Structures are given as structure tokens and as C-alpha cells.
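Accompanying notes for the structure given below.
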Amino acid sequence: MSKDYYKILGVDKSASAEELKRAFHKLAHQHHPDKAGGNEAKFKEANEAYQVLSNKEKRAQYDQFGQTFSGAGSNGGGSRSGFGGFNPGQNGAQFDFGDLGDMFGSFGDMFGFGSGGGRQSGGADIEAVLELNFLEAAFGVEKELRLRKAVNCNRCSGTGAEPGAKIDTCSTCRGSGRVTKIQRTILGNVQMAAVCDDCLGRGRKASKNCSECGGEGIKNDVTSLSIKIPAGVGDGESIKFVGQGQAGPHGTPAGDLYLRVRVRADKRWSRSGNDIKTKLEITYSEAVLGTKKGVETIDGEVILKIPEATVSGQVIAIRGRGIPRLRSNGRGDHLVEVVIKVPGKLSRDQRKILEELAKEGL
Ligand SMILES: [Zn+2]
Ligand SMILES: [Zn+2]
């Protein structure tokens, strides 16, 4: 016999189902890894022992052979899905922590979390799109958002308890927050620890629910929220505002708010990372002789010097006039691509001059 499941749970070999359950709850509470001073290894061990001993068939096998057998799970595969933490108790190694989460997972599920997610209880996250213009994204902006979402009930401050009500130990779970449920599996009925529906796992209950929210602790409302968008945010980027999502029911933590930024296109500028790109048309003679031209940057007009003998397609950088780097120092550049404009219709005088130039080989 590799492990003594009775010893692990601290019960007699003749322990009743009720005694096993109580012993397991006690240990599960004591060692739960989410708790300060919890012990994951001990918690797993207790869970493993309980999953076997709480099942009549498994317990009989275990008593007789010192181990358990099963069709589906005996090769180590196939035992994960649909069993919510049940494992045919072969050895601790393949009993990973992910399974244990299912035991308490239903708590989170009730509030709209995916079962594969973070297992935390509380309010859901909110995702919203925020449209910014080019300059708002470049330099950052403060915005006033109006959101319809779950907020904490004023009357009970989100606890769900009527002000002044007595808070008692939950009679359904006797304060443990967990109840045992029978789950049908292909291996027979398995006893599962589940979150107590009555107190939602808190183990304590108000003697009277809040008269305004009925004990939920939250209500839907339109709220306004002042937010700061940092300089340099880019199109498609998401900004997280911790705790600004849906308020959590029954005093649980609020979710987060994720704002996905959409930057509206601007005719004047295009953006490439932290650089801004524009085109500047100059004449052939300006390109040959050099000149000065005004360029509209996001800081206003800057006079750009076009050197002699500039070729079409040449890029001249105006340093530090690009987009500020997000949550950092410095800025990108404003890159000006010079395009030499070929005149369309020429006057007779212009044509004459150009013909003279052509004679000179220009
Ligand atoms: Zn309330
Ligand atoms: Zn309860």
C-alpha cells in the first residue's frame, strides 16, 4: 500500500461517509493553497484520499487491494474531463493542481467567468472601444467616460447585508462554505465538494438581505469615469484600468476595464511606430538649388531646410517631432519624403528657359 488514505484524513478504517466528509472539509480548509499558510501538497493529498474513500466502489477496492483501478483513467489519461477533480487515485504525480481548481470553480462560473480562466470570483471585466483623434493619441488626453455597469449598492456598500443585520454562520454548510454533492460519472457516483449555494462559499450569512439590492450587493447604473490616456498610445492597443469593470456581487472584487484604442486617421500625418511620415512637394529648381519650406508637424509649423541637390524620394528627418514614446522618454521623428513635382502646362517663357537649360545638359 503506497499511501494510507485513512491516516491522511485522520479517520478510522470504519469511518462513515459523514465522518470522512467532515475530516476532509477540515483538512481542505486548513490546507487550501489560496489561504495564507495553506499547503498545496497536503491539500492535494487530502483531496486524493477523499476522492477515493468517498466513493463506495473505490473504497472497497482500496480496502481490499490497497489501491484502486479504473477503466478510463488507468493509463493516466482520460480522467480529466468531466470529473471535476476526480482521479482514480493512482499516485499523486498526475493529479495536477488544475483539477483541484474545479472543486471550487463553480463559484467563479456563477458570475460569468469561463471555467478555464483565472478561477477568481468577482465582477466581470469590461471591454470597450475608445476612439481618439491623432493628436489625442500622440499627446495623451483625459476623457470622461460614461459606462453602464454593475456598481456597488449604496445601501449596503456592496455587502448585500441589510445595514444593522446580524451576520451568522451559514446553517447549510455550518460555516465551511462547502457542501458535498453527488456527481454521476461513468465510474459511478462520486461525492464532490462544491461551493455552498446558500452563503456562496463565504460560510457566513446576513440575517437579513439588503432591502435595496436583495442581497446581491450590486445594481446596474450609469457611472462616469475620468480616465487618463497616456501619450503615445497606438491604434489597436488596449489599456487596462484595474478595478473599473463590473462590481463584484456580494462584496467580491470588481473586474477590470479594458479600453481598446482606435486612432482616427488624419489627412495631415501618417504614423509608423513612433515616427510620423509626410510628403513634401518641391520644384525641380528647389531640389537642385536647395530651399527652405514650412512643414506642419504635430507641434505646429517647422521650417525645414532642403539641401542642394536633393533627389526625389529623399527622406529628411526632423528629429524629435514624432510621437512621444508610450510610458517612456523621448519622441520619434517626423520624416519628410521629398517629392519633385514636374510642372504640367508651361508658359511660352518657361518653355524657353527650360530649353536653354536642356542645352546646358540640365
Ligand atoms: Zn444592497
Ligand atoms: Zn453555506
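The values are calculated or read from the model by the stated rules, or taken from the named source; none is laboratory data. Only a predicted model underlies this, so the values are computations on that prediction, with no experimental measurement involved. Neighbour counts run over all protein chains shown; Cβ positions are idealised from the backbone, glycine included.
Could you tell me whether any residue of the stretch 135-152 is among the small types (Gly, Ala, Ser), modelled with pLDDT of 50 or more and within 30 Å of SER207 (Cα to Cα)? Steps first, answer last, please.
Keep residues of the stretch 135-152 that are among the small types (Gly, Ala, Ser), which gives 137-138, 140, 150.
If we keep only those that are modelled with pLDDT of 50 or more too, we end up with 137-138, 140, 150.
Those still in the list that are within 30 Å of SER207 (Cα to Cα) too: 150.
Yes, some residue in the stretch 135-152 is among the small types (Gly, Ala, Ser), modelled with pLDDT of 50 or more and within 30 Å of SER207 (Cα to Cα).
Please name all residue pairs, on different chains or six or more residues apart, with Cβ atoms under 7 Å, provided the first residue is in the stretch 220-237 and is over 14 Å from ARG260 (Cα atoms) and the second residue is surrounded by fewer than 14 Cβ atoms within 10 Å (Cβ to Cβ).
ASN220/ARG148; VAL222/ARG146; VAL222/ARG148; SER224/GLU144; SER224/ARG146; SER226/GLU142; SER226/GLU144
Anything in the stretch 178-201 that is of a type outside the set (A, V, I, L, M, F, W, C) and free of Cβ contacts under 8 Å to residues at least 40 places away in the same chain? List them, or say none. Show your work before the answer.
Applying the first criterion (of a type outside the set (A, V, I, L, M, F, W, C)) to the stretch 178-201 yields 178, 180-181, 183-185, 188-189, 191, 197-198, 201.
Listed by number, the residues that qualify are LYS181, ARG184, ASP197, ASP198.
Looking for something touching a strand residue (DSSP E or B) at 6+ places or on another chain (Cβ under 9 Å), crowded, with 19+ Cβ neighbours inside 10 Å, in contact (Cβ under 8 Å) with a residue 60 or more places away in the chain and part of a strand (DSSP E or B) - is there at least one such residue anywhere in the stretch 137-150?
At the first step, the residues of the stretch 137-150 found to be touching a strand residue (DSSP E or B) at 6+ places or on another chain (Cβ under 9 Å) are 137-150.
Then drop every residue that is not crowded, with 19+ Cβ neighbours inside 10 Å, which leaves 137-138, 149-150.
Applying the additional criterion that residues be in contact (Cβ under 8 Å) with a residue 60 or more places away in the chain yields 137-138, 149-150.
Now drop any that are not part of a strand (DSSP E or B), which leaves 149-150.
Checked the stretch 137-150: at least one residue is touching a strand residue (DSSP E or B) at 6+ places or on another chain (Cβ under 9 Å), crowded, with 19+ Cβ neighbours inside 10 Å, in contact (Cβ under 8 Å) with a residue 60 or more places away in the chain and part of a strand (DSSP E or B).
I need the full set of residues from the stretch 160-185 which are touching a Gly at 6+ places or on another chain (Cβ under 8 Å) and away from ligand 2 (no atom under 16 Å from the Cβ), in order please.
Within the stretch 160-185, the subset touching a Gly at 6+ places or on another chain (Cβ under 8 Å) is 160-161, 169-170, 173, 175-178, 183, 185.
Answer for the stretch 160-185, where residues must be touching a Gly at 6+ places or on another chain (Cβ under 8 Å) and away from ligand 2 (no atom under 16 Å from the Cβ): GLN183, THR185.
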